[in-house]
Amino acid sequence: MRVSRRLTAIWALSFLSLLGAAVVLYMMRDQLEEAHVAMVFLLVVLGASAAGGRLLGVTIALASFLVFDWFFLPPFNSLAVHNPLDWLVLVVFLITSIVAAELLYRARSERAAVERAEALREADKLKDALLASLSHDLRTPLTTIKALAHELQPLGDERTFIIEEQADRLNHLVSNLLEAGRLNGGALPLDIQINAVDDLLGAVAQQNAGRPDSDRLKVSLDDPATLSFGRFDFVHSLRILGNLVDNAFKYSPSDSPIEVSGGVDQGNVVFRVSDRGTGISRSESDKVFTPFYRPPAGRPGAESAGLGLSISRRLAEVQEGTLIYVDRVGGGATFELRLPSATV
């Protein structure tokens, strides 16, 4: 309601300004030339555009055009024009007024867009600082809670196992928040070296060897007869693949295999993690990499914090790599990690 009243007031004030300018100019008509009238009306058009936007500016420009013709070009009190050159004056005035209104509108829009972008950047910085501060503050009490729960387990209270499990879950979330903050702030240390593809695949297999269902994990090289090397950070790349494998274990049937492969393709080393779960719809295939994104209720991952895939993609990008989702033939999901290859 307030916005509507304000807009109405601006329109009314603009037309009153046009009327006032016309009255003053009319009283001095015999002493003025067409250029003087055009300049005054052009100022009114610019003022209306600045206050009320493009539509008001164009409307005032058209109204000024009619007033100019009716009162200030002979024959007076008529829309007819006696001198053909006066048509040129009118047309130039109208075009100049509309173009000026449009340029002013665009300038205001661009400035508003810059201000909004700056406000969003500041909000993101504040959010990152707040998350980092909270994450650091949560670490100590979580460690204490976990230690106390572990000490109480010999007493036979099963709730201590639940407490320790939930403390581990929260600690994992805190670690993700801290890592997301370092990535956003450009403070994540990198150790880019030449590494063998099979070494990274071996580390993935070893990382999951302690799982009770580790036999589901199938690790293979695209070309076992060829040694392939890439230029990447081993620890961060292992973190990416570890997160993808962990998701595959969570969101695919317990009796289905999880396949991890590695090789070389088009000048990159390529790692693929594939499962036979429900997959991801096409509309969500890019959204799942957005920080804090959660699938609709009832879909796999709806209860997660929505940070794992976002962090994984950022870790790939800081190594000049990519991480994408690909539909798997026959059902399921494939996540493809590409990193720069290296020649040894």
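The values are calculated or read from the model by the stated rules, or taken from the named source; none is laboratory data. On a predicted model such as this, the values are computed, not experimentally measured, just so you know. Heads up, the Cβs are rebuilt from the backbone with ideal geometry, glycines too, and the neighbour counts pull from every protein chain shown. Side chains included, ligands, DNA and RNA excluded: accessible areas come from the protein's heavy atoms. Shrake-Rupley method; radii C 1.70, N 1.55, O 1.52, S 1.80 Å.
For the reader, a short list of remarks on this structure follows.
- Maximal additional length on extending the PHE71-VAL24 stretch stands at 15.7 nm, based on 0.36 nm per residue less the C-alpha distance.
- Descending semi-axes in whole angstrom, ellipsoid equivalent of the range 190-344, from the Cα gyration tensor: 25, 18, 14
- Cα-projected label distance for LEU148 with ILE324, points at 7 Å along beta-carbon direction, nm: 5.0 nm
- Of the residues HIS236, HIS36, ranked by 1.4 Å probe accessible area with the largest first, the sequence reads HIS36, HIS236.
- Residue-by-residue Karplus 3J(HN,Hα) for the range 28-41, coefficients 6.51, -1.76, 1.60, Hz, glycine and proline x: 10, 4, 5, 9, 10, 9, 4, 5, 5, 5, 4, 5, 5, 5
- Counted residue by residue at 0.36 nm each, then reduced by the alpha carbon distance between them, the extension gain from GLU122 to ASP286 reaches 56.5 nm.
- With each label modelled as a point 7 angstrom along the Cα→C-beta vector, the ASP265-ILE10 pair spans 5.3 nm.
- Split the accessible area of the range 199-344 by element, probe 1.4 Å, and carbon with sulfur accounts for 52%.
- Highest average first, the peptides 279-289, 64-74, 154-164, 49-59 ordered by how many other beta carbon atoms sit within 10 Å of their residues are 49-59, 64-74, 279-289, 154-164.
- The 3J(HN,Hα) values that the Karplus relation (6.51, -1.76, 1.60; θ = phi - 60°) gives for the range 54-63 are, in residue order, 5, 4, 5, x, 5, 4, 5, 4, 5, 5 Hz. Gly and Pro appear as x.
- Derived scalar couplings ³J(HN,Hα) [the range 234-241; Karplus, 6.51 cos²θ - 1.76 cosθ + 1.60; whole Hz; x for Gly, Pro]: 4, 5, 5, 5, 5, 4, 4, 5
- Simple spin-label estimate for VAL114 and ASP246 gives 4.3 nm between the two label positions (7 Å along the Cα-to-Cβ direction from each Cα).
- Compared with the direct C-alpha span, the chain from GLU102 to PHE234 gains 42.1 nm at full extension, assuming 0.36 nm per residue.
- Remark on ASP233: its backbone amide H falls under 5 Å from those of GLN193, a criterion applied only to residues 5 or more positions apart or on other chains, H modelled at 1.01 Å from N.
- Rounded accessible area of SER261 (nearest 10 Å², 1.4 Å probe): 20 Å²
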